[in-house]
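The values are calculated or read from the model by the stated rules, or taken from the named source; none is laboratory data. Since the model is a prediction, treat every value here as computed from it, not as a measurement. When we count neighbours, we look across all protein chains shown, and the Cβ atoms used for this are built from the backbone with ideal geometry, even at glycine.
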Amino acid sequence: MSGPNNKRPPLVAEKRTPSKAAKKPKRKTRKAKKPSRNPLVWFFRSIVRLIWGIGWRVGALTAIAIGAAVLYFTATLPPVNTLLDGRSKGSVTLLDRDGEVYAWRGEQFGGQITAETVSPHLKNAVIATEDKRFYRHFGISPRGIASAVRINLREGRGPLQGHGGSTITQQTAKLLCLGVPYDPDGGMTEAEYEADCRRTTLARKIKEALYAMAMEVRYSKDEILTIYLNRAYLGAGARGFEAASQRYFGISANELLPSEAAMLAGLLVAPSRFAPTANLQRSQDRANLILGLMEAQGYLSASDTAIAKANPAVLSRAAEARAGGYFADWVMDLGPGFLTESTTEDVIVRTTFDQDIQTAAEEALQFVFDTKVKPGSEAQAAIVVMSADGAVRAMVGGRKFRGVAGQFNRAIQAKRQTGSAFKPFVYAAALDLGFSPNTTVTDEPTCWDVPGSGQWCPENYDKKFHGTVTLTEALYRSLNIPAVKVFDRVGREAVVNIATDFGIESDLAVGPALALGTSESTLLEMTAAYAGILNGGSSVQPYGLIELKLKGEEQPLLEQEGGIGERVISTDAAQQLVFMMTQVIERGTSTRAKLPDGRPAAGKSGTTQAARDAWFIGFTADYVTGVWIGYDDNTPLSGVTGGGLPAEIWKETMVGIHQEIPVRDLPMMVPDQVARQPERDNRRRRSSGEPIVDRVIRGVLNEIFGN
């Protein structure tokens with residue numbers, strides 16, 4: 001269909017009016033059923049809600065408590081500079097005659113160092129070894145603690161036993177004993193106090209963690225490290241890395257090379273075990289391990305690590321020698337206790353000690369025991385070297401010094417019978433009364449009545465009698481009967497007075513056996529007495545302390561200039577006795593002590609009853625040296641006399657001492673008529689058939705009127 005003009009109309013939808021009946025019906029909805037309640041699920045959900053409700057409250061309270069504890073500890077922490085020296089006592093540094101350090105006593109504190117100024121190698125070595133996350137944690141390391149607990153449990157220990165997982169901050173807190181200073185009057189020794197500080201109970205670990213976090217709040221990381229570097233104990237009495245660096249290497253901690261820094265850092269885990277003075281190789285091996293850690297953590301390049309391992313740290317001369325241990329102990333006893341053993345100050349003591357002479361004595365002793373003594377021998381020995389004025393230059397108190405102060409010193413503590421080494425004092429008394437070295441005495445069977453003991457008939461060592469002999473011959477052949485006769489002639493009082501005045505303070509025997517050295521004395525006393533003979537007849541007081549002063553002070557508190565005392569015998573008597581004692585070495589019982597290069601020497605050997613003690617004491621124009629050998633339990637020596645091993649040790653010591661010293665004559669007076677050769681004279685006397693009665697009469701006349 002079309003409209004006008006043939007166009008189709010547009011399509012339009014038809015309008016419809018919906019009826020009521022045609023309304024769309026409403027959609028019915030069903031009510032949702034309530035889920036069925038599972039009792040088990042409900043229970044667990046309730047538990048979780050309860051735990052959460054309690055947990056966050058407890059956590060909040062715990063956090064508040066921790067924060068309060070940390071703030072409390074933070075408020076109690078003092079300034080850093082008051083925490084650097086953690087010693088309760090002072091120290092003593094001992095210098096030798098040239099002013100060089102050779103020994104230390106007490107805990108050394110080399111001076112304050114800081115993390116900023118110390119050698120960076122040391123700083124890096126400590127961090128690499130002890131706490132590689134030091135600059136990243138907040139005082140404690142949960143990862144480190146968990147790792148330590150796991151290792152402890154795996155190795156069969158308790159969770160807190162063994163590895164602690166402590167950070168440097170926690171270790172510093174422990175070094176500070178959690179802020180509890182040592183109280184000498186608190187009823188606890190310093191050792192007990194330090195042991196208490198190292199306890200690892202759970203409660204203490206918790207307190208340690210809180211204290212460590214407080215330190216992190218109060219101090220910077222470098223300040224904490226500074227405290228640690230100054231307070232850590234590193235063996236050999238060294239408190240702090242500056243003291244340890246000076247103790248082991250003789251340099252400041254600011255100058256340490258990587259190998260030296262690694263060695264010191266290696267001491268932290270076990271100072272006694274890894275101390276280089278105890279076992280240098282073990283300490284170097286530990287240092288190599290730490291150098292590897294430093295390389296792995298980027299503190300050293302591979303080439304620097306290789307160089308450090310190829311050039312391991314070595315000890316300074318003083319630390320390597322470990323010389324003068326016995327001498328240092330003796331000197332410590334010479335000064336007042338409040339300035340030595342119990343000092344609260346740092347004290348400097350200049351002494352008479354000579355490190356070269358000490359080395360010579362120690363090497364001589366070692367050489368003779370290595371070459372002349374049966375391996376495994378328990379025999380002991382002691383050596384004392386001094387100048388003629390009593391200045392002690394070296395002291396060996398036993399064959400082995402373990403580096404621990406207070407060991408038994410046989411040179412000053414062992415009182416032993418002196419044997420024939422006492423005879424020079426008998427002849428000194430005779431010479432001082434006017435006898436001459438050529439005065440004669442008859443060596444023949446003789447007995448003495450000793451009150452309370454009956455008759456006593458001495459014998460010579462060779463069981464023979466030698467007829468008329470001079471005093472010189474009697475001494476250099478060490479004949480017993482002539483010595484007792486001279487003793488009887490001059491009187492016990494004269495001999496005792498001279499021996500006592502020369503410094504032998506031990507109780508001297510009452511009977512005539514005193515002439516043969518039955519009384520006891522120490523090696524130091526005997527050596528000092530011989531020094532009196534060398535210096536012309538004046539007594540000497542052995543001394544080792546020259547000057548004592550506080551560190552940093554110029555004015556000394558104590559001074560000692562010399563040990564020469566009063567005159568004991570005349571100069572002529574002393575010089576005549578020196579001549580007689582030279583013959584002991586030239587042609588007597590101690591020819592093994594004869595020195596090379598024609599250097600004059602004088603001395604006397606001594607062997608006690610049953611050979612329990614063997615002595616040789618002698619001197620040159622420069623030094624007096626005494627040597628003793630024996631067993632601590634008085635076991636007899638086998639085949640040893642004073643003219644044997646002691647004389648050989650004496651000779652080796654003297655050769656070492658005099659290497660750079662020109663030969664000098666002894667201060668002696670040679671008699672007009674030099675003593676004759678006894679063997680030839682006795683043979684002539686026996687062949688001539690001189691009657692015994694005539695020899696006895698001539699001997700008596702010689703004793704009365706002299707030669």
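Observations, loosely collected:
- Any chance E586 is modelled with pLDDT under 95, over 19 Å from A388 (Cα atoms) and either surrounded by 19 or more Cβ atoms within 10 Å (Cβ to Cβ) or not small (G, A, S) (or both): no
- Qualifying residue in the range 76-99 (condition: in a helix (DSSP H, G or I), among the hydroxyl-bearing types (S, T, Y) and either in contact (Cβ under 8 Å) with a residue 40 or more places away in the chain or surrounded by 16 or more Cβ atoms within 10 Å (Cβ to Cβ) (or both)): yes
- Residue match in the range 114-124 (condition: at pLDDT 90 or above, assigned to a helix (DSSP H, G or I), out of contact with any strand residue (DSSP E or B) (no Cβ under 7 Å at 6 or more places or on another chain) and of a type in the set (S, T, N, Q)): yes
Yes/no matrix, rows are residues, columns are (1) surrounded by fewer than 21 Cβ atoms within 10 Å (Cβ to Cβ); (2) outside any strand (DSSP E or B); (3) in contact with a Ser or Thr (Cβ under 8 Å, 6 or more places away or on another chain); (4) not aliphatic (A, V, I, L, M):
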{"site": "S303", "(1), (2), (3), (4)": "yes, yes, no, yes"}
{"site": "I307", "(1), (2), (3), (4)": "yes, yes, no, no"}
{"site": "F327", "(1), (2), (3), (4)": "no, yes, yes, yes"}
{"site": "S342", "(1), (2), (3), (4)": "yes, yes, no, yes"}
{"site": "A360", "(1), (2), (3), (4)": "no, yes, yes, no"}
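- Residue identified as modelled with pLDDT of 95 or more and out of contact with any Lys or Arg (no Cβ under 7 Å at 6 or more places or on another chain) among A323, A310, A379, A318: A310
- A search for C-beta distances below 6 Å between a residue of the range 342-358 that is more than 21 Å from E554 (Cα to Cα) and any residue that is aliphatic (A, V, I, L, M) and part of a loop (DSSP other than H, G, I, E, B), counting only pairs 6+ apart in sequence or on different chains, returns Q355/A323; Q358/A323.
Results for (1) small (G, A, S); (2) under 21 Å from the mean Cα position of the chain (by Cα); (3) not assigned by TED's automatic domain parsing to the domain that holds D131, shown as yes or no for each residue.
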{"position": "L256", "(1), (2), (3)": "no, no, no"}
{"position": "A261", "(1), (2), (3)": "yes, no, no"}
{"position": "I290", "(1), (2), (3)": "no, no, no"}
{"position": "L293", "(1), (2), (3)": "no, no, no"}
{"position": "Y299", "(1), (2), (3)": "no, no, no"}
{"position": "N311", "(1), (2), (3)": "no, no, no"}
{"position": "L315", "(1), (2), (3)": "no, yes, no"}
